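One structure is given below, encoded as structure tokens.
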Amino acid sequence: MASHRSPRVIGRIRHAINALLTDDTDRTPAGDDVPDMLGVFGATLLAANQATPDVESDLRAVADAYDRQDLKLAVLPTLLLVSDSTRTTAFSEVGRPLRLDQVAALQDEVHRAVRDRPPPAEVIARIRDIRVAPPRFRTATTIIGHTILTLGFGLVLNPTLTALPAYIVLGAIVGTIVVFGSRLATLSLILPVVTAFLVTLLTAHLLTPWIGEDPLRIVAPPLASFLPGLALTIAAVELTRGQIIAGASRLVYGGARLVLLAFGVYAGMIATGQLPADEDAASLGAWAPWVGIVLTGIGYALWSSAPKGALPWVIAALAVAHGAQLLGNLVTGPELSGFLGALVVAPFARLAGRFPSAPPAIVLTICGFWILVPGALGFIGVTEAASHSSDAVATLFTTAITIIAIAIGMLVGSGLTRDLSAVRRAWKAPRPDA
């Protein structure tokens with residue numbers, strides 16, 4: 001009996017000795033999971049409305065932290081390819097865009113991965129938890145947030161006293177449609193068209209007789225959550241940075257979104273038999289847009305579920321971008337005013353992100369660029385073109401110039417921020433003895 005057990009015992013002893021003698025630093029049991037981790041990371045970063053060069057930069061930092069410089073990355077707006085010496089894996093981004101709280105949590109996870117190098121499987125699980133995390137606010141609060149957002153955006157875009165009740169009514173209706181309509185797979189595909197059509201019908205039949213001004217200026221603010229201003233801006237940034245495929249595809253998407261919204265509005269005008277009027281209502285004072293900025297920040301924080309403690313910083317980012325844009329309007333005119341507005345967003349977001357109470361810089365950057373409204377101008381221009389308005393060409397030209405100006409301002413602001421950070425690190429670095 002003992003003779004049969006001895007080989008088994010000796011084998012176990014050898015296995016234990018080999019395990020003790022093996023250096024843990026030479027074993028990388030989780031190394032094969034790093035490409036999958038980068039794929040999940042990248043697909044989620046794309047859902048956070050980040051430009052493809054920024055996504056690739058974050059992924060490269062994570063790969064370097066895990067000593068996987070051999071991995072090759074190809075990033076497109078909805079697709080990510082991760083390649084090593086043996087395989088190439090594709091990861092697609094087909095989910096809903098992330099809310100602000102999810103964007104903040106994702107950026108924290110990027111910093112944690114670079115700093116602490118947790119196991120890739122743990123990182124993947126945490127990212128998936130972020131994707132399915134419920135919003136901070138209940139449905140009713142979210143709809144109220146959209147109502148406040150519409151009112152604030154309306155005060156920035158078209159601050160007239162007679163339009164305020166229309167903003168409140170239409171903002172609540174559109175918020176309700178978006179919250180419940182996006183849960184239906186078929187309806188969510190045509191939700192921009194249906195919503196624009198219904199908003200136009202309500203405006204033409206119920207609100208225009210009481211308002212007495214251009215209905216297009218009333219329709220745009222309630223549709224703010226559909227406007228692709230951020231997508232158009234990111235597209236211009238990617239094109240100017242040489243990302244031709246990503247920039248062109250995102251530009252086509254933004255343009256198609258504008259056309260869908262304009263089609264819904266134009267269909268509504270055909271159904272009602274009313275075309276936009278040329279009457280201009282008296283504008284409120286210069287204080288109205290600043291009140292609109294505060295309301296936009298509150299509404300956006302509720303609608304997009306901003307992280308805890310982010311509200312003051314969101315309002316500050318909107319105010320800085322809007323103030324710089326107003327200053328640029330005085331210096332260069334309205335077409336190029338977006339340059340100065342975008343120029344200050346990146347430095348402000350990076351500076352504010354250093355405070356413990358502030359959200360990550362990307363959250364403030366998204367908020368800052370959201371208020372620069374190229375999407376609203378493009379929507380009005382496309383709709384005017386559909387209705388054969390004489391102002392359509394001028395509005396579309398202004399939109400194109402504004403988008404390019406914002407993109408260049410963003411590039412210059414981001415570049416200056418990186419250069420100043422590099423100079424500061426070099427200044428603080430220990431100098432070798434002479």
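Below is a table of values for the structure above.
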{"item": "Any hit, segment 113-130, residues being within 16 Å of Y300 (Cα to Cα) and surrounded by fewer than 19 Cβ atoms within 10 Å (Cβ to Cβ)", "result": "no"}
{"item": "Test: residue in segment 304-313 that is in a loop (DSSP other than H, G, I, E, B), buried (at least 16 other Cβ atoms within 10 Å of the Cβ), at pLDDT 80 or above and on the phi > 0 side of the Ramachandran plot", "result": "yes"}
{"item": "Matching residues in segment 178-195 - criterion: being surrounded by 13 or more Cβ atoms within 10 Å (Cβ to Cβ) and assigned to a helix (DSSP H, G or I)", "result": "V178, V179, G181, L187, S188, L191, P192, V193, V194, T195"}
{"item": "Enumeration of residues in segment 85-120 that are assigned to a loop (DSSP other than H, G, I, E, B) and closer than 18 Å to N49 by Cα", "result": "E93, V94, G95, R96, P97, L98, R99"}
{"item": "Residue check for A172: touching a His at 6+ places or on another chain (Cβ under 9 Å), within 30 Å of L223 (Cα to Cα) and modelled with pLDDT of 90 or more", "result": "yes"}
{"item": "A125 touching a His at 6+ places or on another chain (Cβ under 8 Å), modelled with pLDDT of 90 or more and either part of a helix (DSSP H, G or I) or closer than 24 Å to G264 by Cα (or both)", "result": "no"}
{"item": "Test: L318 is in contact (Cβ under 8 Å) with a residue 12 or more places away in the chain and surrounded by fewer than 20 Cβ atoms within 10 Å (Cβ to Cβ)", "result": "no"}
{"item": "Residue pairs meeting the criteria (Cβ under 7 Å; at least 6 apart or on separate chains; first without any contact (Cβ under 8 Å) to a residue 24 or more places away in the chain, in segment 72-93; second among the polar types (S, T, N, Q))", "result": "K72/S83; L79/S92; L81/T88"}
{"item": "Single unsatisfied condition, R217 versus (1) basic (K, R); (2) closer than 19 Å to L149 by Cβ; (3) modelled with pLDDT of 75 or more", "result": "(3)"}
{"item": "Restricting segment 61-81 to residues that are modelled with pLDDT under 90 and of a type in the set (V, I, T), the residue that is nearest to the chain's Cα centre (by Cα)", "result": "T78"}
{"item": "Single condition A196 does not satisfy, out of (1) over 27 Å from P134 (Cα atoms); (2) without any contact (Cβ under 8 Å) to a residue 40 or more places away in the chain", "result": "(2)"}
{"item": "Test: residue in segment 66-84 that is part of a helix (DSSP H, G or I) and closer than 23 Å to T365 by Cβ", "result": "no"}
{"item": "Boolean, T233 is in the same structural domain as A301 (by TED's automatic domain parsing), buried (at least 22 other Cβ atoms within 10 Å of the Cβ), modelled with pLDDT under 85 and on the phi < 0 side of the Ramachandran plot", "result": "yes"}
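Each row is one residue, and each column tells you yes or no for (1) assigned to a helix (DSSP H, G or I); (2) at pLDDT 90 or above; (3) surrounded by fewer than 16 Cβ atoms within 10 Å (Cβ to Cβ).
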{"site": "T147", "(1), (2), (3)": "yes, yes, no"}
{"site": "F153", "(1), (2), (3)": "yes, no, no"}
{"site": "T162", "(1), (2), (3)": "no, no, yes"}
{"site": "A166", "(1), (2), (3)": "yes, no, no"}
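The values are calculated or read from the model by the stated rules, or taken from the named source; none is laboratory data. Note that the coordinates shown come from a computational prediction; the quantities given were computed from them, not determined experimentally. So basically every Cβ, Gly included, is an ideal-geometry build from the backbone, and we count neighbours across all protein chains shown.
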